[in-house]
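A.B. asks: A single structure is presented below for examination.
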Amino acid sequence: MAGLESGNLTPEEYDAYVEKMRQDEYPMIADALYLDHAGTTVYSKRLMERFHRDMMANLLGNPHSASQSSQHATQLIDSVRSKLLHLCNADPAYFDVVFTANATAAIKLVMEAFREQSEGFWYGYHVDSHTSLVGAREVAIAHHCFKSDAEVEAWVDAAHPSRPAGRSQLFAFPAQSNMNGRRLPLYWSMRMRRAFQRTYTLLDAASYASTSPLDLRDVDASPDFTALSLYKIFGFPDLGALIVRKAAAHVFDKRKYFGGGTVDMVLCSKEQWHVKKSGSLHERLEDGTLPVHSILALNAAIDTHAELFGTLDRVSQHTAALAKRLYDGLTALKHGSGRDVCTIYTNASSLYGDSRNQGPIVAFNLRDSNGDWVSNTEIEKLASIKNIHLRTGGVCNPGGIAQWLHLAPWEMRENFSAGQRCGGEYDILNGKPAGVVRLSLGAMSTTSDVKRFVAFLEEFFVNKNCQSQAPVAGCEVSEKSEQRFHIESLTVYPIKSCAGWQISHGTTWEVRDEGLVWDREWCIVHQTTVKALSQKQHPRMALIRPSLDFRQGVLRIHAPGSADTVIVPLSQDPGVFDKPDFAQRDATVCGDRIAAQVYASQSVARFLTEAVGVPCTLARFPVGTASDSAGRHSKAHLKQGGEAIGVPRPLLLSNESPILTISRSSLNRLNEQIKARGGKAAHPSVFRANIVLAESPLLPPGLEQPFAEDHWQSMRIGGERGPVLDFLGGCRRCQMVCIDQVSGEKNQEPFVTLAKTRRAEGKVLFGVHTALRVERAGGAMIAARQSVQTS
Ligand SMILES: *Cc1c(COP(=O)(O)O)cnc(C)c1O
């Protein structure tokens, strides 16, 4: 610490200092690779301790009264205001600061003031703007998006200062693009002020200020309005701010609204009259009670940040050097064929390492060795397993995304109608990525983070072989397809995302269009949102064990650590229930809306809430509706090559297709590969298959046919006259296969090995989607141990 205070550390020493310091100060990211700093909520232990001390030592009253506690709060707020202005080199004679909830609220304050101007306002914004700036256009009389810096310059060059603008103009731009970290010219404020009348500038410094000092020393060159997200600098508290140049404060004179805090006297009854506060700008704009305790925390945050990291200038140098390393590391990644792995969204004028033009954010997409785009969803799944925190998608920067990904407006609309939303699965459409991967470095990032991330890409996304990637690596096809397989086991999952129930050998089981009977007929829904819960978010669901008891006619539900069981009738006949038992409610399952029957029983709700840990209850898919036009249908009816086969199959509550089949031989092969890497073999239950096929007779490993199912079209079960099941394509896997179905714990395997050995066209495949052949519709019977004839 002493070294930091003396300010004499070399860049390498500073890096080593941060590395060590964050082990103590940021325990919540001790094992994580945290690359989502823009929007960070990571705060230091020291800040929390200081905040705690300050909270216990101070009684803060609601400001605006004469009590001691109130006075104390007022003094505190004033001194934090000065501290924040000082941090931005903003002289209080020329600037005022207004506390807001976040940067967006700061932007809205400005937008509302302009909306009240007598002739409305014209709004110009730069294409690199965050969504929160773009949104202001909706209340402007006219607006324009500047597609480049050159267009802004040309607009200013063409201005005639003597000719007054017809109405007020507001030009908004980000100090740093939150998409790729490009920094925009801050001198625009001054140029515009000189070139136009009645023209104001709004600087969105939310991204920029998180790793750079904001310098408002030169009043004439400063923006009129500067929006900040304070939590992006300090991690805590959740506050924003608007810094206003007092020379532009008159814009707020037309503000109509007043609230508690911004008005001196109001008459309501016979006469409608009020006197608004006329003091400082912040008094006129801060409606309602100020977040006093958050402001107390901000006081501690500013001091702690300086103690831990030194000046923001120091942070800026540190992060600029790291960003350069990261950029160089990503650029150097090549496939064996010589092709680039990363396509980085930057232009020549933005040189990493030069903090005037470029901030510590890198946005990119990956290509495989064939030159095809890698889906960001795949990257996210692996990153999540490796405890890497990054952001993918549109990152709230619509203009930047469209420009860098060359997406035309019609393509963005088409992507939207194809289901692409913030955070959606469909991220490559028409052969183009619809979003980016974004890495943001922050004050507590270090060289080791950069190395770790580059090594991660190297491990999973770089193909060192010279040849192009085979469609599916590790697939071996045997010429003949004799009657070598049989059904090893059959499993149903009565409650979606909970444990399976294995059908005893010797029991024949009905298969219908929508799958094995009793499979995924129930689900657990959140009590408030009525969304079906999934193991992905709630791994403890794996430990909830449903069992079917046909003798009693009930479904029994067991949960770990509970002596109780919940029992619900299998019958849907209303006669067997105590009324009222169900409420029909609109539920959401995998994004589909369905009318579910939600159990009304308090004891069921209590039992499941206890077991899962969130307020939830049981719901049932009303049988008989599956094949209605209103029912759900399988999404897995595309074969390799994108050629559609067959028709969409009806579904109950399963994710993608009626039945999932896996092969024991494929699992054996996978487990050999996992063990060869020193990992723990995967239990078949993690794949949540309905049908497990095995070879007969059992063969020694070398003679098995792993992944033969990749090439099968169908299977006939139990001899010549048996039912035929069609294969609809490979099952795309996610990190859910890493949840141990016995302990509920998360592992890295088998997803890590699958991602290395079973990736085809950006999808990690294991198991095959299966459905009863259409002409057999109406049902058929199958059983474990039956032979399987594949073709
Ligand atoms: C994060 C961010 C915002 C939004 O900030 P909030 O505090 O979430 O309202 C706006 N602009 C940029 C450039 C950002 O990075």
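A.B. asks: Show me the ranking of peptides 175-181, 488-494, 284-290, 741-747 by mean Cβ neighbours inside 10 Å, starting with the highest.
C.D. replies: Values: 175-181: 27.3, 488-494: 21.7, 284-290: 17.1, 741-747: 14.7.
Those peptides, ordered most packed to least, come out 175-181, 488-494, 284-290, 741-747.
A.B. asks: Return the subset of Lys334/Lys381; Lys232/Lys334; Lys464/Lys675; Lys496/Lys763 for which the Cα-Cα distance in this structure is over 32 Å, preserving the input order.
C.D. replies: Details: Lys334/Lys381 22 Å; Lys232/Lys334 34 Å; Lys464/Lys675 22 Å; Lys496/Lys763 23 Å.
The answer is Lys232/Lys334.
A.B. asks: What is the Cα centroid distance between region 182-205 and region 326-348, reported in whole angstrom?
C.D. replies: Here the two parts' Cα centres lie 34 Å apart.
A.B. asks: How do Cys498, Cys268, Cys590 rank when sorted from fewest to most other Cβ atoms within 10 Å of their own Cβ? Mind dumping the intermediate values first?
C.D. replies: Numbers: Cys498 28, Cys268 8, Cys590 16.
With the sparsest Cβ surroundings first, the list reads Cys268, Cys590, Cys498.
A.B. asks: Please report the relative contact order for the chain, taking Cα pairs under 8 Å with a sequence separation of at least 6, and give it as a percent rounded to a whole number.
C.D. replies: Values: 1602 pairs, mean separation 94.0, N = 791.
Relative contact order comes out at 12 percent.
A.B. asks: Which value, in debye to the nearest 20, gives the size of the charge dipole of region 26-121 about its Cα centre, when Lys and Arg are +1 and Asp and Glu are -1 at the Cβ? Could you put the intermediate results ahead of the total?
C.D. replies: Numbers: 8 positive and 10 negative charges, 74 e Å.
Dipole magnitude for region 26-121 comes out near 360 debye.
A.B. asks: Straight-line reach only, C-alpha to C-alpha below 15 angstrom: list the aspartates and glutamates that Lys20 could link to, leaving out same-chain residues fewer than 8 apart.
C.D. replies: Glu12, Asp31, Glu307, Asp449
A.B. asks: What whole number of Å gives the distance from the Cα centroid of region 59-105 to the Cα centroid of region 281-321?
C.D. replies: What the calculation gives is 12 Å, centre to centre.
A.B. asks: For the chain, what does the helix formula give at 222 nm: sum of -39500 (n - 2.57) over DSSP H segments with n ≥ 4, over the residue count, nearest 500 deg cm²/dmol? All intermediate terms of the calculation are to be shown ahead of the outcome.
C.D. replies: Working: 19 runs with 207 residues, N = 791.
The per-residue figure over the chain is -8000 deg cm²/dmol.
A.B. asks: Rounded to the nearest 10 degrees, what's the angle between the helix 45-57 long axis and the longest principal axis of the chain, both from Cα atoms, 0 to 90?
C.D. replies: Approximately 60 degrees, to the nearest 10.
A.B. asks: Turning to a different aspect of this structure: How large is Rg/Rh for the chain, to two decimals, with Cα atoms and a Kirkwood Rh? Before the final figure, lay out the partial values.
C.D. replies: Numbers: Rg = 30.8 Å, Rh = 30.0 Å.
So for the chain, dividing Rg by the Kirkwood Rh gives 1.03.
A.B. asks: Let me ask something additional. Check the straight Cα-Cα distances from Lys680 and name the aspartates and glutamates below 12 Å, setting aside those fewer than 8 residues away within the same chain.
C.D. replies: Once the sequence-local aspartates and glutamates are set aside, what remains near Lys680 is Glu672, Asp740, Glu749.
A.B. asks: Moving on to the next point. What percent do you get for the relative contact order of region 314-461 when only Cα pairs under 8 Å and 6+ apart count?
C.D. replies: 30
A.B. asks: Using only the Cα atoms of region 314-461, each taken as one equal point scatterer with no solvent, compute I(q) by the Debye sum, divide by I(0), and report log10 of the ratio at q = 0.12, 0.15, 0.19, 0.21 Å⁻¹.
C.D. replies: Taken in order of the listed q values, log10 I(q)/I(0) reads -0.50, -0.79, -1.24, -1.43.
A.B. asks: When the C-alpha atoms of region 62-304 are aligned to their principal axes, what extent does each axis show, in angstrom, from largest down?
C.D. replies: Its Cα atoms span 57, 52, 29 Å along the three principal axes.
A.B. asks: Excluding Phe258 itself, what net charge comes from residues whose Cβ is under 15 Å from its Cβ, given Lys and Arg +1 and Asp and Glu -1?
C.D. replies: Numbers: positive: Lys254, Arg255, Lys256, Lys276, Lys277, Arg284; negative: Glu112, Glu116, Asp253, Asp264, Glu283, Glu286, Asp287.
That sum, taken over residues with Cβ under 15 Å, equals -1.
A.B. asks: What percentage of all Cα-Cα pairs in region 522-622 are separated by more than 19 Å? If you can, show how the numbers build up before the last one.
C.D. replies: Numbers: 2042 of 5050 pairs.
Above the 19 Å cut-off, region 522-622 has 40 percent of its Cα pairs.
A.B. asks: If you take every residue apart from Pro237 with its C-beta less than 13 Å away from the C-beta of Pro237, what net charge results, scoring Lys and Arg +1 and Asp and Glu -1? Provide the component values of the computation, followed by the final result.
C.D. replies: Working: positive: Arg50, Lys232; negative: Asp54, Asp238.
Here the charged neighbours net out to 0.
A.B. asks: Sticking with this one: So how do 690-696, 721-727 stack up, highest first, on mean other-Cβ count within 10 Å?
C.D. replies: 690-696, 721-727
A.B. asks: I would also like to ask the following. As a test of understanding, state the convex hull volume per residue of region 106-181 from its alpha carbons, in Å³. Please report the intermediate quantities before stating the final value.
C.D. replies: Working: hull volume 7.2 nm³, N = 76.
Per-residue hull volume (Cα only) is 94 Å³.
A.B. asks: Determine the gain in length on full extension of the stretch Glu458-Asp354; use 0.36 nm per residue of separation and subtract their C-alpha separation, reporting nm with one decimal. Mind showing how you got there, number by number?
C.D. replies: Numbers: separation 104, 0.36 × 104 = 37.44 nm, distance 2.64 nm.
Taking 0.36 nm per residue and subtracting the Cα distance, the gain is 34.8 nm.
A.B. asks: Cα axis of helix 664-676 to longest principal axis of the chain: angle in degrees, 0 to 90, nearest 10?
C.D. replies: 50
A.B. asks: First select every other residue whose beta carbon is under 10 angstrom from the beta carbon of Phe146; then total the charges, Lys and Arg +1, Asp and Glu -1.
C.D. replies: Summing Lys and Arg as +1 and Asp and Glu as -1 gives -3.
A.B. asks: For the ranges 44-51, 543-550, what's the packing order if you count other beta-carbon atoms within 10 Å of each residue, average per peptide, and put the highest first? Can you show the working numbers first?
C.D. replies: Details: 44-51: 18.6, 543-550: 16.8.
Put in order of decreasing packing, that is 44-51, 543-550.
A.B. asks: Run the simple label-point estimate for Gln502 and Gln713 please: 7 Å along Cα→C-beta, distance reported in nm.
C.D. replies: Reported label-point gap for Gln502 and Gln713 is 3.4 nm.
Read-outs throughout are calculated quantities, based only on the coordinates presented, and are distinct from any laboratory measurement. Since the structure is predicted, the reported quantities are computational estimates derived from the model, not experimental observations. Neighbour counts are summed over all protein chains in view; Cβ atoms, including those assigned to glycine, are modelled from backbone coordinates with ideal geometry.
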